[in-house]
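Structure, as structure tokens:
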Amino acid sequence: MNGRTSRLWIAGTMLVIGGLVSSLYLIFIRTGLEETLGFSQKIFYFHVPCAWVTYLAFAVSGIASVAYLVRSSPRWDRIAHASLEVGTVFTTLVLVTGPLWAKPAWGVYWVWDARLTTTLILWLIEIAYLLLRVFVEEPGKAAKYCAVMGLLGVIDLPIIHYSVVLWRGIHPDPVVISRKGFGAGLPSEFLLTLMVSLATFTLLYVMLVGVRYRLEVVRERVNLLRQRALER
Amino acid sequence: MLDMLSPLLAYLSPLVAVGCAVGTAIAQPAAPGDTGAILAGAASPWRNAHFVLYAYGAVWVGLALYLWRLASLARRLSREIDRLETSAEAVPTGCEEP
């Protein structure tokens with residue numbers, strides 16, 4: 001790692017830490033309580049950013065998968081893999097925080113609502129993707145199968161997002177990006193807190209993908225060294 | 001690069017601890033007539049506070065576990081590189097003086 005990358009890394013880490021501290025301050029101290037849900041609504045400020053990062057991770061992975069299928073460059077495959085793995089972490093967090101919010105809001109942890117079901121399907125696609133990485137031994141084949149699997153997940157994204165509009169379920173409609181306008185469904189102080197949290201989680205995602213990408217480069221180097229050792 | 005992971009874990013671990021501690025402190029049900037009274041309705045808005053603690057705890061623990069996994073993968077790869085490079089140096093090239 002050169003000096004410039006190292007400085008960027010340190011700056012990014014500091015920003016993430018600052019962002020997380022600021023988010024917690026805004027969430028628990030500055031932002032008031034929502035009238036209907038009370039304190040349990042605070043889950044919203046981590047649940048929605050996790051969902052946003054899930055979308056972002058899949059979108060990046062989808063673009064990188066298409067690029068890999070077109071150009072066959074391992075760099076694109078590494079980006080797709082790194083992004084999807086980090087995305088899986090955040091989808092898992094969505095599926096954990098969601099039911100923990102659903103219980104006080106709806107009285108049950110889980111319902112087979114369209115939004116919840118399609119999100120669960122996305123998580124299963126992610127697990128299938130990661131299993132393919134493990135069990136397909138030939139790297140070229142694994143990359144191709146995974147690229148197709150990643151694109152399958154991308155198809156699920158608009159279905160998840162518009163599921164609450166298409167099939168009237170129990171999950172609330174989008175309040176940030178909606179037909180009424182950006183953030184129209186939220187009071188301004190809630191929106192500010194959410195934006196800080198969104199920015200922090202996005203930066204955290206970028207950094208985690210960066211780390212995962214570099215680890216994949218190192219892993220390839222290890223495989224190359226192993227291959228050379230076997231040839232001797 | 002690999003060396004940078006450990007400081008990141010070191011920075012985030014206290015945050016995880018502080019986050020959980022703050023969450024625990026905040027999640028304590030408020031006394032009657034406390035801040036919760038600003039809301040309309042008889043039920044306290046703090047009644048479901050433990051769900052907030054669980055949700056935030058899950059996020060912190062989930063992220064910390066993933067960082068730990070990345071750090072352990074980095075350590076394992078680093079050790080493997082050292083081992084392979086050492087063994088490569090130890091292999092005779094066949095050009096040595098008899």
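Readers should treat all values here as calculations from the given coordinates under stated rules, not as data from a laboratory. Just so you know, these numbers come straight off a predicted model, no measurement behind them. Neighbour counts run over all protein chains shown; Cβ positions are idealised from the backbone, glycine included.
The table below gives the values:
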item: Which listed residue, of A:Leu100, A:Leu124, A:Leu131, A:Leu116, is within 24 Å of B:Val61 (Cβ to Cβ) and either in contact with a Ser or Thr (Cβ under 8 Å, 6 or more places away or on another chain) or within 11 Å of chain B (Cβ to nearest Cβ) (or both); result: A:Leu100
item: Matching residues, segment A:11-38, being under 25 Å from the mean Cα position of the chain (by Cα), free of Cβ contacts under 8 Å to residues at least 60 places away in the same chain, surrounded by 14 or more Cβ atoms within 10 Å (Cβ to Cβ) and facing chain B (nearest Cβ under 9 Å); result: A:Ile17, A:Val21, A:Leu24, A:Phe28
item: Segment A:98-121, residues that are closer than 16 Å to A:Trp167 by Cβ, assigned to a helix (DSSP H, G or I) and not small (Gly, Ala, Ser); result: A:Arg115, A:Leu116, A:Thr117, A:Thr118, A:Thr119, A:Leu120, A:Ile121
